[in-house]
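Peer 1: Below you will find the structure I want to go over with you.
The values are calculated or read from the model by the stated rules, or taken from the named source; none is laboratory data. These numbers come from a predicted model, not from an experiment. Reconstructed Cβ throughout: ideal geometry from the backbone, glycine too, with neighbour counts over all protein chains shown.
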Amino acid sequence: MKRVFIFPTIIFIFYFSESIFAIEPFYDLVPIDSEIALLPWEKVDKVIPRKAIFTITDIESGQTFRVQRRAGSHHADIQPLTKEDTEILKDIYKEWSWKRRAVIVLHKGRTIAASMNGMPHGAGALDNGFNGHFCLHFLNSTTHKTPTPDPAHQLMILKAAGKLDEGIMSATPEQLVEIMMLAINNSDTTVLRKVLSKNLTSQDYDSLSRLTVTKWTVHRSATTPHVHHLQAKVEVYIIDTGVIHTTIKLTATKNPISNRWELESPSLLKIANH
């Protein structure tokens with residue numbers, strides 16, 4: 001899969017400051033960094049050791065809860081600290097899911113971009129009403145099964161760091177398709193709005209929760225300086241339908257004002273409604 005490029009910038013978290021400052025003084029009486037760091041996993045592994053307790057803020061909902069790192073060598077295996085924290089996590093996800101979400105980690109005054117999933121699995125050790133642990137990824141961290149970083153987690157980490165717009169600005173049409181597929185799999189309407197030239201309908205958004213694109217390959221069929229036509233062969237899992245294989249056509253146009261590529265709303269989202 002193609003990589004999403006990272007560009008340096010400084011992002012301030014004014015809109016999270018109220019919830020963070022309301023909780024953090026009870027645990028870490030230290031100043032809080034205003035810059036959200038894109039800290040690589042090998043450094044996070046030392047900054048947040050096992051048994052460390054820290055705060056997570058979900059980007060989309062703004063909800064904040066406490067966790068403890070229990071294990072993990074390629075990423076952090078964490079558990080909600082209390083039953084109340086488990087309830088907050090469940091409210092964020094509505095139902096347990098592997099979907100990735102952009103989050104900010106706050107630990108001893110440091111703010112770090114991260115990505116979590118919301119599926120209890122494996123072992124758990126805390127009396128928190130959570131059956132197991134869930135995963136927290138950072139820049140360049142990997143899953144247990146793959147030697148390279150998970151693209152969906154890395155995309156959410158960019159989003160948490162506020163660097164997604166810069167990556168999209170320089171993305172090729174093929175890279176935009178990659179971002180779009182990852183956004184569909186995460187039901188992430190915020191990311192979709194950034195790569196599509198037009199807003200989706202409410203019916204399209206409703207389809208997101210039913211779709212998972214399990215495989216895709218993209219080929220360019222025709223190009224002009226300002227329009228690229230692409231075809232994507234996809235394997236899609238649809239709830240209540242099963243797995244289907246199909247080819248979708250995509251058009252990328254260069255916005256004359258922003259000078260970046262944008263995708264037309266894909267027919268893929270309409271498959272779940274048929």
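To keep it simple, each residue is scored yes or no on (1) free of Cβ contacts under 8 Å to residues at least 24 places away in the same chain; (2) in the same structural domain as Leu200 (by TED's automatic domain parsing); (3) out of contact with any Phe, Trp or Tyr (no Cβ under 9 Å at 6 or more places or on another chain); (4) small (Gly, Ala, Ser).
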site: His219; (1), (2), (3), (4): yes, yes, yes, no
site: Ala222; (1), (2), (3), (4): yes, yes, yes, yes
site: His226; (1), (2), (3), (4): no, yes, yes, no
site: His229; (1), (2), (3), (4): yes, yes, yes, no
site: Ile238; (1), (2), (3), (4): no, yes, yes, no
site: Thr253; (1), (2), (3), (4): no, yes, no, no
site: Leu263; (1), (2), (3), (4): no, yes, yes, no
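Peer 1: Here are the criteria: (1) surrounded by 18 or more Cβ atoms within 10 Å (Cβ to Cβ); (2) not in a helix (DSSP H, G or I). Tell me which single one Asp85 does not satisfy.
Peer 2: For Asp85, the exception is condition (2).
Peer 1: Could you check, for region 79-101, whether at least one of its residues is at pLDDT 95 or above, touching a helix residue (DSSP H, G or I) at 6+ places or on another chain (Cβ under 7 Å) and aliphatic (A, V, I, L, M)?
Peer 2: Within region 79-101, not a single residue is at pLDDT 95 or above, touching a helix residue (DSSP H, G or I) at 6+ places or on another chain (Cβ under 7 Å) and aliphatic (A, V, I, L, M).
Peer 1: Moving on. What pairs can you find where one residue is in region 67-89 and in the same structural domain as Pro40 (by TED's automatic domain parsing), the other is in a helix (DSSP H, G or I) and not basic (Lys, Arg), and their Cβ atoms are less than 6 Å apart, with a gap of 6+ or different chains?
Peer 2: Correct list of pairs: Pro80/Thr86; Pro80/Leu89.
Peer 1: What is the number of the single condition among (1) in the same structural domain as Val218 (by TED's automatic domain parsing); (2) in contact (Cβ under 8 Å) with a residue 40 or more places away in the chain; (3) surrounded by 20 or more Cβ atoms within 10 Å (Cβ to Cβ) that Ser197 does not meet?
Peer 2: Among (1) in the same structural domain as Val218 (by TED's automatic domain parsing); (2) in contact (Cβ under 8 Å) with a residue 40 or more places away in the chain; (3) surrounded by 20 or more Cβ atoms within 10 Å (Cβ to Cβ), the lone unmet condition for Ser197 is (3).
Peer 1: Still on this model: So which residues in region 238-261 are more than 18 Å from Val177 (Cα to Cα) and assigned to a loop (DSSP other than H, G, I, E, B), if there are any at all?
Peer 2: Ile239, Asp240, Thr241, Pro256, Ile257, Ser258
Peer 1: Is it true that Phe130 is buried (at least 17 other Cβ atoms within 10 Å of the Cβ) and either out of contact with any strand residue (DSSP E or B) (no Cβ under 8 Å at 6 or more places or on another chain) or part of a loop (DSSP other than H, G, I, E, B) (or both)?
Peer 2: Details: buried (at least 17 other Cβ atoms within 10 Å of the Cβ): yes; either out of contact with any strand residue (DSSP E or B) (no Cβ under 8 Å at 6 or more places or on another chain) or part of a loop (DSSP other than H, G, I, E, B) (or both): yes.
Criteria met by Phe130.
Peer 1: Additional query: What residue, among those in region 64-78 that are touching a Cys at 6+ places or on another chain (Cβ under 8 Å) and not in a strand (DSSP E or B), is modelled with the lowest pLDDT?
Peer 2: Gly72
Peer 1: Same structure, new question: Where residues in region 185-194 are in a helix (DSSP H, G or I) and either free of Cβ contacts under 8 Å to residues at least 40 places away in the same chain or surrounded by 23 or more Cβ atoms within 10 Å (Cβ to Cβ) (or both), which of them is nearest to the chain's Cα centre (by Cα)?
Peer 2: Val191
Peer 1: Does at least one position in region 2-12 carry a residue that is modelled with pLDDT under 95, under 24 Å from Asp165 (Cα atoms), in contact with a Leu (Cβ under 7 Å, 6 or more places away or on another chain) and surrounded by fewer than 18 Cβ atoms within 10 Å (Cβ to Cβ)?
Peer 2: Checking region 2-12: at least one residue is modelled with pLDDT under 95, under 24 Å from Asp165 (Cα atoms), in contact with a Leu (Cβ under 7 Å, 6 or more places away or on another chain) and surrounded by fewer than 18 Cβ atoms within 10 Å (Cβ to Cβ).
Peer 1: Still on this structure, please answer the following. Can you name the number of the only condition in (1) closer than 26 Å to Glu60 by Cα; (2) acidic (Asp, Glu); (3) in a strand (DSSP E or B) that Glu235 fails?
Peer 2: (1)
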